[in-house]
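For reference, the structure discussed in these notes is given below.
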Amino acid sequence: MKIDQNKPLNTTPSRNSERTTSTPTAGTERSNTDNVTINPLAAKLSQIEQSPKPTFDAGRVESLKKAISEGRFTVRTEAIAGKIIQSAQELLGK
């Protein structure tokens, strides 16, 4: 599309962009209350997000880095799997 720079820009709003407000007519009055239901999982997530964050332990991180680099660190897959299952059960409310 080519822009014609000799033609002035149309700065008046189009009919579709005008905002209109309507007032309720007899028999169509709106209620001022809304009902909202929050999914229990969303409520739990919100609770987790608002909980205090654990502190960062730089010493622990350094000791883990050293153990990994020296080949002394072992992954306990059973413990990790157990924690994942426990976390999933808590989120599902079981």
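The values are calculated or read from the model by the stated rules, or taken from the named source; none is laboratory data. Computed from a prediction, not measured in an experiment: that's the story for all the values here. Note: ideal-geometry Cβ built from the backbone for every residue, glycine included; neighbour counts use all protein chains shown.
Summary of computed values
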{"read-out": "Output for the range 39-94, where each listed residue is β-branched (V, I, T) and assigned to a helix (DSSP H, G or I)", "value": "I48, V61, I68, T77, I80, I84, I85"}
{"read-out": "Of all residues making up the range 28-71, the number that are surrounded by fewer than 10 Cβ atoms within 10 Å (Cβ to Cβ) and over 22 Å from L91 (Cβ atoms)", "value": "16"}
{"read-out": "So A42, is it at negative phi and modelled with pLDDT of 95 or more", "value": "no"}
{"read-out": "Scan of the range 73-94 for residues that are more than 30 Å from A42 (Cβ to Cβ), surrounded by 10 or more Cβ atoms within 10 Å (Cβ to Cβ) and not aromatic (F, W, Y), ordered by number", "value": "none"}
